[in-house]
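Quick notes on the structure that follows.
The values are calculated or read from the model by the stated rules, or taken from the named source; none is laboratory data. Note that the coordinates shown come from a computational prediction; the quantities given were computed from them, not determined experimentally. Don't worry about glycine lacking a Cβ; one is built from the backbone with ideal geometry, like all the others, and counts go over all protein chains shown.
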Amino acid sequence: MLDGTILPGLGQSYGYDLQEGDWVEPHGRGKVGDFLIRVDRTGDTSRGKERALRMTLKFSNEGDGIMSCPLEILPDGLKKYPVGSVMWSPLVAPKEGYEPEMTLDAPRPYEIMDHYYLFRVRTQMKDGKVMSTQYGKISPWLTFYEAKPGQIRINLKYYLNVKPNEESLEWDVEQNPLKAQYYYPFEMRDLNDIDNEG
């Protein structure tokens, strides 16, 4: 979980190791740049202005990628879990449909997120076929903002299945290698319940 994590700098790509839960060296203890994260300023980010920042997320390997998936929107406008399941994501990751790059504009204050993201990383290809890969997901609460001039903070909760080629996206609190301080399986609770906790 990137919980208010400070991006090393603006206008450059920085690798983030999902298994270590840290930036790659020399900015952290990570070894593998699963996510290559870059944030650029696209306009005025002073107080009272729209957060004019743009994040570009790329990957290290051929075959790595990400897809954006909409949350179900009920008639009252509230985001809920898909009917018939306590998970907002599928039980297993799809094998196709991943894009090598994603660009996001920073959300406005109090904007409700209406998408989650599925990804695969550490992909090894042979003759155009995926031989090995790891699947994961990012919760809808992906935000980034300029806390003070030049300092970008990122909030990003993710789940990574560390078993190669296993497509399951079910959070296992006993096996998850990252012991986040805020440690609830984020697919098990209503988005609005979490919002109401402040």
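Here the condition is being at pLDDT 95 or above, touching a Lys or Arg at 6+ places or on another chain (Cβ under 8 Å) and of a type in the set (A, V, I, L, M); of LEU36, LEU10, LEU53, it holds for LEU36 alone. Residues of the range 127-140 that are in contact with a Phe, Trp or Tyr (Cβ under 8 Å, 6 or more places away or on another chain) and not β-branched (Val, Ile, Thr): TYR135, GLY136, LYS137, SER139, PRO140.
Within the range 144-158, restricting attention to residues that are under 9 Å from the mean Cα position of the chain (by Cα) and surrounded by fewer than 20 Cβ atoms within 10 Å (Cβ to Cβ), the residue that is modelled with the lowest pLDDT is LYS157.
Please enumerate the residues belonging to the range 103-143 that are assigned to a strand (DSSP E or B), within 14 Å of the chain's Cα centre (by Cα) and closer than 21 Å to GLU170 by Cα. Listed by number, the residues that qualify are HIS115, TYR116, TYR117, LEU118, PHE119, ARG120, VAL121, TYR135, GLY136, LYS137, ILE138. Selection of the range 74-126 for residues being of a type in the set (Ser, Thr, Tyr), touching a Phe, Trp or Tyr at 6+ places or on another chain (Cβ under 7 Å) and modelled with pLDDT under 65 yields only TYR81.
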